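Worksheet for the structure shown next.
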Amino acid sequence: MLLLHLSDVDEASWADKLAAALAPYPVVRRGDAFDPAEVHYVFVWKPKPEAFDGLTGLKAILSLGAGVDALLKHPKLPDVPMVRFVDTDLSQRMSDYVVAQVTMHHRLYTRFRADQKARRWSQLYPPAASETSVGIMGMGVLGQDAAKRLLPLGFTLRSWSRTPKSLEGVEGFAGDAQFDAFLRGTDILVNLLPLTPETTGVLNYETFGKLRRKLDGGPVIVNAARGGHQKEADIVRALEDGTLGAASLDVFETEPLPQDSPLWDIENCYITPHIAAISDEKSGVSYYAGIIRDHEAGKPLPNVVDRQRGY
Ligand code: NAP
Ligand code: GLV
């Protein structure tokens, strides 16, 4: 039996589609009458404290999100394999966001927007894409997809990961020892790391101060991963004193971003409400229905989270 425990999304719609895809395999929601001991899979997003109560027969936890940082902090998380969302549709959506932000900053949008507001005709030619270095933190599923889509646009690319990665056309840096060298050659810093104890607060004032100062207006950060990666007080300071030329932020320390956050009022801060990439219902149903069918047929679970690493 599959149990859905999805908050902040249309759980009924997901349940209907999963039931249709898996029939006659039973699919239930909270509030339905069922024996919790018969639940073999639980599909979760933002699970409540009681989400796993009584689920003594669990074979796997299925995460609606690609990021599992919040799930790993659940106080009653059962000790069974946890599968995260990995899907070409999700990667495409994230790369759409990254490409939009990178190209906007590369073409000095902040500067020309300000000039237009001031009715100022001031010709400044943006660099060629090849003269602009985009540094991607996190060379996993999403980081690699973003790199593959930025590469044909002509950008100079570099990446930073925990273990060395080699992707054609991307200069790879790995580990703490190579972090500063990675930053020193980066104009636009894109964050696609998972949130772990090691990566918490990585977007801080010291990091920003190490970025290359070649792009007109200053270096730029794009955070599409988790709010816990960024120190917002440091971003405010860096945007105000010119250490950063601009920031595109999709995620925040507290979500929704509080009304009194100073970030709302900063001209060169581009805020979106955690919409960079959503797990699409059609592809999510196909992904998880396939996984349950395969696992029931004896195949191993894919994309299992390594709890020691935290992602
Ligand atoms: P992934 O495939 O697990 O890739 C993670 C990458 O980060 C890997 O390259 C990994 O290095 C690297 N990494 C991990 N810890 C590191 C460390 N301490 N130092 C340096 N590099 C480190 O993850 P993904 O699927 O690409 O997703 C990344 C994150 O995006 C998710 O965790 C989620 O939080 C976020 N996300 C956000 C949205 C949104 O709408 N804003 C949507 C989806 C996902 P190795 O290659 O060496 O393992
Ligand atoms: C969304 O933020 C996800 O982790 O998929």
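The values are calculated or read from the model by the stated rules, or taken from the named source; none is laboratory data. On a predicted model such as this, the values are computed, not experimentally measured, just so you know. Don't worry about glycine lacking a Cβ; one is built from the backbone with ideal geometry, like all the others, and counts go over all protein chains shown. Surface accessibility is based on the protein's heavy atoms, side chains included, excluding ligands, DNA and RNA. Shrake-Rupley method; radii C 1.70, N 1.55, O 1.52, S 1.80 Å.
What does the net charge come to around LYS59 if you take all other residues with beta carbon closer than 14 Å to its beta carbon, with K and R at +1 and D and E at -1?
Summing Lys and Arg as +1 and Asp and Glu as -1 gives -2.
Among 217-225, 239-247, what's the highest-first ranking by average C-beta atoms within 10 angstrom per residue? Don't skip to the answer; put the middle values down first.
Numbers: 217-225: 25.3, 239-247: 19.6.
So the order, starting with the most tightly packed, is 217-225, 239-247.
Quote the accessible area belonging to GLU171 in square angstrom, nearest 10, computed with a 1.4 Å probe and with ligands, DNA and RNA left uncounted.
100 Å²
Given the Cα atoms of region 215-311, and with Rh set as the inverse mean 1/r over their pairs in the Kirkwood sense, what is Rg to Rh to two decimals?
Expressed as Rg/Rh, it is 1.17.
How long are the three semi-axes of the equivalent ellipsoid for region 88-271, computed from the Cα gyration tensor as the root of 5 times each eigenvalue, in whole Å, largest first?
In descending order, the three semi-axes are 24, 20, 15 Å.
Please state, to two decimals, what the Cα-based radius of gyration of region 1-98 comes to when divided by 2.2 N^0.38 Å (N = residues). The partial results should precede the final answer.
On the way: Rg = 13.9 Å, N = 98, 2.2 N^0.38 = 12.6 Å.
That ratio works out to 1.10.
Under a point-charge model restricted to the Cβ atoms of Lys and Arg (+1) and Asp and Glu (-1), what is the dipole moment magnitude of the chain relative to its Cα centre, in debye to the nearest 20?
On the way: 34 positive and 40 negative charges, 166 e Å.
Here the size comes out at about 800 debye.
Would you calculate, for the chain, the mean residue ellipticity at 222 nm contributed by helices, counting each DSSP H stretch of 4 or more residues as -39,500 (n - 2.57) and dividing by all residues, to the nearest 500?
Result for the chain: -8500 deg cm²/dmol, rounded to the nearest 500.
If Lys and Arg each add +1 and Asp and Glu each add -1, what is the summed charge of the other residues whose beta carbon sits under 10 Å from the beta carbon of VAL141? Mind showing how you got there, number by number?
Numbers: positive: ARG84; negative: ASP87, ASP145.
Within the 10 Å Cβ shell, the charges total -1.
Would you work out the relative contact order for the chain, in percent, from Cα pairs under 8 angstrom that are 6 or more residues apart?
Value for the chain: 16 percent.
Cα extents of region 163-261 along the three principal axes, largest first, in whole Å?
43, 31, 21
Within 14 Å, Cβ to Cβ, of PRO126, how many net charges do the neighbouring residues add up to if Lys/Arg are +1 and Asp/Glu are -1?
Local charge sum for PRO126: 0.
Please list LYS299, LYS282 in order of solvent-accessible area, largest first, computed with a 1.4 Å probe with all protein chains present.
LYS282, LYS299
Using only the Cα atoms of the chain, what do you get for the radius of gyration and for Dmax, in Å?
21.4, 70
Using a 1.4 Å probe over the heavy atoms of the protein chains, calculate the carbon and sulfur portion of the accessible area of the chain as a whole percent.
Roughly 53 percent, rounded to a whole number.
What Kirkwood hydrodynamic radius, in Å, does region 137-196 give when the mean of 1/r is taken over all pairs of distinct Cα atoms and then inverted?
So the Kirkwood estimate lands at 11.5 Å.
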